[in-house]
Amino acid sequence: MDQAGKVVSLHLRVFGYLLGFLIVLALAERVPLGVTGVPLGPVIVAAPGVLVLTWLFRRLERRPWNAVGLPPPRPGSLALGLAFGAVTFGLVFVLLQALGQIHVLPALQSRPQMIALQLIAPLAAAFAGELAFRGYIFTAYGEHLPAWAAALVSGLLFAAVQVTVAPGGAAMAVTALTAVAGGVLLCGLRLSTGGLWAAIGYQAAWLWARPLLVGPTGNDTLTRTAPTGDPLLAGPWPLAESGLVATAVTVLAALAVIVYGRRRGVRWRERPGPAPALRPSPAASAGPGR
């Protein structure tokens with residue numbers, strides 16, 4: 001296959017994968033809200049659905065799981081990502097409060113067991129999203145592009161999905177900027193740690209911390225808040241990532257990950273692929289009639 005044919009094949013594969021991903025998300029959204037405060041859609045549809053979708057595509061392309069950044073579970077990397085994500089969103093919250101963009105009140109109730117249970121759905125949603133964008137899509141483009149370009153492309157596709165649920169106007173553009181910066185950050189975590197687990201932890205912590213800190217009701221959260229400043233800075237409440245403060249913090253966090261990665265030998269100007277192919281079975285390698 002010539003170079004032009006390879007490029008067309010790449011885009012068709014990614015388009016097919018994205019279509020499958022969006023179908024899985026649509027099915028997940030149709031699942032009832034959940035039990036004991038835990039949404040069931042991400043847990044029983046999104047995470048397993050994207051896992052099966054990725055298995056199918058990687059199997060057709062004869063690539064192992066580590067080719068899409070999914071080695072066996074690494075609790076240390078997951079914990080690192082959780083801590084980094086919580087600190088990052090915590091910084092967004094502190095800055096919004098310091099700049100007078102939000103009004104903070106004590107939570108109506110804060111049951112530790114319920115707060116812990118609320119991490120389940122973000123973990124499932126983060127697993128699905130990271131396996132799709134920083135896993136399959138980043139790997140697919142990384143076989144043809146330098147790491148920085150593959151990260152940018154996967155971040156732009158990630159942003160395109162994010163803006164579908166963002167408010168219109170300036171908030172949509174700010175959401176896209178945050179998503180692209182976050183995409184580069186998460187690709188950097190994958191490259192720096194050798195897998196997706198730190199990126200999964202980071203994304204899960206952000207999704208978990210947002211309702212705990214800026215939830216509109218304050219039921220089983222850490223605080224309850226209301227916007228008091230400029231929506232361009234704080235975002236249309238409670239979508240903090242649609243505000244410029246979150247964008248700035250995400251860009252700084254991405255730069256920190258890039259510096260960290262360079263010290264660990266990450267080479268952004270080189271291709272992170274091609275991914276290793278699955279080894280043929282002994283029977284297949286023996287040839288016919290043997």
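Observations, loosely collected:
- The stretch 218-252, subset open to solvent by 10 Å² or more (accessible area, probe 1.4 Å) and small (Gly, Ala, Ser), residue farthest from Gly90 (Cα to Cα): Gly229
- Pair list, Cβ under 6 Å, 6 or more apart: the stretch 77-93 residue within 16 Å of Leu191 (Cα to Cα), other residue part of a helix (DSSP H, G or I) and open to solvent by 20 Å² or more (accessible area, probe 1.4 Å): Ser77/Thr193; Ser77/Trp197; Leu78/Trp197
- Unmet requirement for Leu70, which otherwise passes all of (1) more than 20 Å from Val245 (Cα to Cα); (2) assigned to a helix (DSSP H, G or I); (3) open to solvent by less than 40 Å² (accessible area, probe 1.4 Å): (2)
- Sole exception among (1) more than 22 Å from Gly235 (Cα to Cα); (2) open to solvent by 40 Å² or more (accessible area, probe 1.4 Å); (3) not in a loop (DSSP other than H, G, I, E, B) for Ala86, by number: (1)
- Subset of the stretch 29-67 [outside any helix (DSSP H, G or I) and out of contact with any Leu (no Cβ under 7 Å at 6 or more places or on another chain)]: Arg30, Leu33, Val35, Leu40, Glu61
- Restricting the first member to the stretch 151-172 and to residues that are more than 16 Å from Tyr136 (Cβ to Cβ) and modelled with pLDDT of 90 or more, and the second to residues that are of a type in the set (Val, Ile, Thr) and open to solvent by less than 60 Å² (accessible area, probe 1.4 Å), the beta-carbon pairs closer than 8 Å and six or more apart or on different chains are Leu152/Val180; Leu152/Val184; Ala159/Thr175; Ala159/Val180.
- As a summary of the residue check, Ser154 satisfies the conditions (1) farther than 23 Å from Thr88 by Cα; (2) crowded, with 17+ Cβ neighbours inside 10 Å except for the one numbered (1).
- The set of residues in the stretch 123-147 that are open to solvent by 10 Å² or more (accessible area, probe 1.4 Å), farther than 20 Å from Val257 by Cβ and assigned to a helix (DSSP H, G or I) comprises Leu123, Ala124, Ala125.
The values are calculated or read from the model by the stated rules, or taken from the named source; none is laboratory data. Quick caveat: nothing in here was measured; it's all calculated off a predicted structure. In this analysis, Cβ positions are derived from the backbone assuming ideal geometry, glycine residues included, and neighbour counts consider all displayed protein chains. To get the accessible areas, we keep the full protein, side chains included, count just its heavy atoms, and leave off ligands, DNA and RNA. Shrake-Rupley method; radii C 1.70, N 1.55, O 1.52, S 1.80 Å.
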